[in-house]
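Read through the structure below, which is laid out as structure tokens, and then see the notes.
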Amino acid sequence: MVKEKAARLVYSSDPLVNQKCPKCKELLCECHCMPEEDATRYKGPVGLRIEKQGRGGKTVTVIAKLPRNELYLKNLTASLKKKCGSGGTYAITEKEGLIEIQGDKRELIRATLEKDGIKVK
């Protein structure tokens, strides 16, 4: 029985074959990145919670169940950070997008998201 090796592109002069993924920098034919969701079609409610564990006693407000779209998360994080007057970051997991804002800002974030038309649970 002969085992087949996984064929990997070593060299090609064709520019269409040589395109690389902007996220993982692999060739497009070998890319394993998850596709981004369209943020305009997102209708589900987002989860709003407080986390303290594993953060040295600091309080962080976490907004979960957001669409997995990096540009959308980046813009929403920037606007929330400005409105709250605190720091924060965003992350994309396999299932959802997350935003973390420093401090207990639940009421301010809830009001801001509902004003933008995003349902908050």
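Restricting attention to the stretch 47-92 and to residues that are closer than 21 Å to Lys121 by Cβ and out of contact with any strand residue (DSSP E or B) (no Cβ under 9 Å at 6 or more places or on another chain), the residue that is surrounded by the fewest Cβ atoms within 10 Å (Cβ to Cβ) turns out to be Gln53. Among residues of the stretch 96-121 that are closer than 11 Å to Val46 by Cα, those with a Cβ under 9 angstrom from a residue that is of a type in the set (Phe, Trp, Tyr) and assigned to a loop (DSSP other than H, G, I, E, B), sequence gap 6+ or separate chain, pair up as Ile118/Tyr42. Within the stretch 60-106, the residues that satisfy the criterion of being charged (D, E, K, R) and within 24 Å of Glu36 (Cα to Cα) are Lys65, Arg68, Glu70, Lys74, Lys81, Glu94, Lys95, Glu96, Glu100. Does the stretch 42-54 include one or more residues that are in a loop (DSSP other than H, G, I, E, B) and of a type in the set (Phe, Trp, Tyr)? Yes, the stretch 42-54 contains a residue that is in a loop (DSSP other than H, G, I, E, B) and of a type in the set (Phe, Trp, Tyr). Comparison of Leu98, Leu16, Leu80 shows that the only residue that is among the hydrophobic types (A, V, I, L, M, F, W, C), at pLDDT 90 or above and either over 16 Å from Leu113 (Cα atoms) or part of a helix (DSSP H, G or I) (or both) is Leu80.
For residues that are surrounded by 12 or more Cβ atoms within 10 Å (Cβ to Cβ), farther than 23 Å from Gly88 by Cβ and not hydrophobic (A, V, I, L, M, F, W, C), scanning just the stretch 24-46, find the one that is nearest to the chain's Cα centre (by Cα). The selected residue is Glu26. For the stretch 28-50, which positions are at pLDDT below 80 and of a type in the set (A, V, I, L, M)? Within the stretch 28-50, Leu28, Met34, Ala39 qualify.
Quick test for you: out of Thr61, Thr112, Thr89, pick the one residue that is of a type in the set (Val, Ile, Thr) and in a helix (DSSP H, G or I). None of the others qualify; the one that does is Thr112. Residues in the stretch 7-23 that are within 24 Å of the chain's Cα centre (by Cα) and surrounded by 12 or more Cβ atoms within 10 Å (Cβ to Cβ): Gln19, Lys20, Cys21, Lys23. Yes or no: Gly44 at positive phi and out of contact with any Ser or Thr (no Cβ under 6 Å at 6 or more places or on another chain)? No; evaluated as a whole, the condition is false for this residue.
The values are calculated or read from the model by the stated rules, or taken from the named source; none is laboratory data. Keep in mind it's a predicted model, so treat the numbers as computed, not measured. Cβ atoms come from the backbone with ideal geometry, glycine included; neighbour counts cover every protein chain shown.
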